[in-house]
Amino acid sequence: MVICPDIRGQSYELDAESRLEEAKGLALAIGIVIAEGFILPVRQVKPNLLFGSGQVDNIRIQCEQEEAELVVVDGTLTPIQQRNLEDKLARKVIDRTGLILEIFGERAATAEGRLQVELAHLDYQQSRLVRSWTHLERQRGGYGFLGGPGETQIEADRRQIRQRMSQLRKELEQVRKTRALHRARRGRAPWPVIALVGYTNAGKSTLFNSLTGSDVMAEDLLFATLDPTMRAIELPVVEKAILSDTVGFISDLPTQLVAAFRATLEEVTGADVIVHVRDMANPDAAAQKQQVLQILTDLDVIDRESGVSEIPVLEAWNKFDALSDERRDELTEIASHDDKNVPISALTGEGVENLLRRIDALLTLDSRTYRIEVAAGDGMRIAWLHQHGQVNEETSTDLGEGPVRLLSVRLTPKEFGRFSSL
């Protein structure tokens, strides 16, 4: 049973119908069979149950009629509300955060992903160790010098959770340092990095597969992929670039997950270009865009005050094949006046070549011509310039210290910095 509370006076990014459909999508993503889903207006939040007692009775009756064994509340429940609802309904109750954590727990494939999910789970769980089971009332007594009432089971559980969280944070800090080293190594490497970001199920992985020829899991599911994937791609001018597929964003992404997955999300901060993949067939595309921009702001990719990103952002307007002709014409007209918006269909390949050209143009936007002297015998550096820059002129001369090659090369400042460090 999926319930979407519509609390009076509370502002939401999405309307109630859209939030209910998204909650159903989250439930389906983990294989839950949905018996019923509905919106429940809440005039005043009840501290002990969230809903009114009459509404809770109605939910219990519907659960019995539909034979629903699980109740998903698309909102945040306090530990007390969750426990009391479970008592009243005689069924397992989870909230939006718990549901998303379950999905992440099932999807995490790498050791790093599992660490991040476990940390988020424990952070969420430690506040829910309420006295709802009899074993939490037991006491482990002390003797001798450490006598007294002893340590209650709930305190022991909390202590173990804190210890495990501390250990996970240390391991993830090591992961973060390792990622930082990898990013620094890529920064010295000759290839720019392009990061795909977007709302979950916007089609990032489908586009990633289309551009790289990979087989990253791409299904019509929320959070189909969690672990970041990187592959090399070829561009018309920039011969080689690294494409990075990141975890999808969602409205009200649990704070525990944002914190736990920060090491993964930080891959975006090291990109040369960000491609924001948008599902233009979704009626809530505008609200989804704001959610993505908010998370990019939280990651300090976008400046909070000015709203401007130092990293160029390109919008890939995806799922054009699913639009009506009228809507396609309307969006095509809008995109024609702004080269930062590119209509595409990752599924059919429509517009993908144009997207690559736009990425190419952004990567070479601030390029300029440099006159460079290289020793004639330094074949490695000369080959590097030919491979990563546009050589306009190349001549040989002898300046008294041996033969040299004089090259006029068009490079971006970043590429010139990489060449200088060779």
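The values are calculated or read from the model by the stated rules, or taken from the named source; none is laboratory data. Given the structure is predicted, the values throughout are model-derived calculations rather than measurements. So basically every Cβ, Gly included, is an ideal-geometry build from the backbone, and we count neighbours across all protein chains shown. In case anyone asks, the SASA skips ligands and DNA or RNA and just uses the protein heavy atoms, side chains included. Shrake-Rupley method; radii C 1.70, N 1.55, O 1.52, S 1.80 Å.
Tabulated data
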quantity: Residue, farthest from Lys88 (Cα to Cα), within the stretch 1-57, restricted to residues that are modelled with pLDDT under 90, part of a loop (DSSP other than H, G, I, E, B) and of a type in the set (S, T, N, Q); calculated: Ser11
quantity: Total residues in the stretch 62-82, condition open to solvent by less than 70 Å² (accessible area, probe 1.4 Å) and either under 18 Å from Gly31 (Cβ atoms) or not hydroxyl-bearing (Ser, Thr, Tyr) (or both); calculated: 13
quantity: In the stretch 264-281, residue farthest from the chain's Cα centre (by Cα) [restricted to those that are farther than 14 Å from Glu310 by Cα and at pLDDT 90 or above]; calculated: Ala281
quantity: Subset of the stretch 328-339 [open to solvent by less than 80 Å² (accessible area, probe 1.4 Å) and in contact with a helix residue (DSSP H, G or I) (Cβ under 9 Å, 6 or more places away or on another chain)]; calculated: Arg328, Leu331, Thr332
quantity: Qualifying positions in the stretch 177-213 - among the small types (Gly, Ala, Ser), modelled with pLDDT under 70 and in contact with a strand residue (DSSP E or B) (Cβ under 9 Å, 6 or more places away or on another chain); calculated: Gly187, Ala189
quantity: Verdict on Glu415 being surrounded by 11 or more Cβ atoms within 10 Å (Cβ to Cβ), on the phi < 0 side of the Ramachandran plot and touching a His at 6+ places or on another chain (Cβ under 7 Å); calculated: yes
quantity: The stretch 113-164: number of residues that are open to solvent by 30 Å² or more (accessible area, probe 1.4 Å), of a type in the set (Ser, Thr, Tyr) and at pLDDT 50 or above; calculated: 1
quantity: Long-range neighbours under 8 Å by Cβ, at least six apart or interchain, first residue modelled with pLDDT of 80 or more and assigned to a loop (DSSP other than H, G, I, E, B) within the stretch 219-243, second among the acidic types (Asp, Glu) and surrounded by fewer than 18 Cβ atoms within 10 Å (Cβ to Cβ); calculated: Leu235/Asp360
quantity: Pairs, first part of a loop (DSSP other than H, G, I, E, B) in the stretch 396-422, second of a type in the set (A, V, I, L, M, F, W, C) and modelled with pLDDT of 80 or more, C-beta under 8 Å, six or more apart; calculated: Gly402/Ala375; Gly402/Ala376; Thr412/Leu363; Leu422/Met380; Leu422/Trp384
quantity: Selected residue (criterion: surrounded by the most Cβ atoms within 10 Å (Cβ to Cβ)) from residues of the stretch 363-388 that are without any contact (Cβ under 8 Å) to a residue 12 or more places away in the chain and under 40 Å from the mean Cα position of the chain (by Cα); calculated: His386
quantity: Members of the stretch 316-337 that are within 26 Å of Thr297 (Cβ to Cβ) and in contact (Cβ under 8 Å) with a residue 40 or more places away in the chain; calculated: Ala316, Asn318, Lys319, Leu331
quantity: Residues within the stretch 30-75 that are free of Cβ contacts under 8 Å to residues at least 40 places away in the same chain and within 25 Å of Ser251 (Cβ to Cβ), tallied; calculated: 18
quantity: Residue list for the stretch 268-304, restricted to those being of a type in the set (Val, Ile, Thr) and closer than 15 Å to Trp317 by Cα; calculated: Ile274, Val275, Val277, Val292
quantity: Subset tally (residues that are open to solvent by less than 20 Å² (accessible area, probe 1.4 Å) and over 21 Å from Asp123 (Cβ atoms)) for the stretch 85-94; calculated: 2
quantity: Residues that are more than 19 Å from Thr246 (Cβ to Cβ) and open to solvent by less than 70 Å² (accessible area, probe 1.4 Å), drawn from the stretch 287-305; calculated: Ala287
quantity: The one condition in (1) loosely packed, with under 15 Cβ neighbours inside 10 Å; (2) modelled with pLDDT under 90 that Thr97 fails to fulfil; calculated: (1)
quantity: Residues located in the stretch 389-410, provided they are open to solvent by 60 Å² or more (accessible area, probe 1.4 Å) and among the aliphatic types (A, V, I, L, M); calculated: Leu399
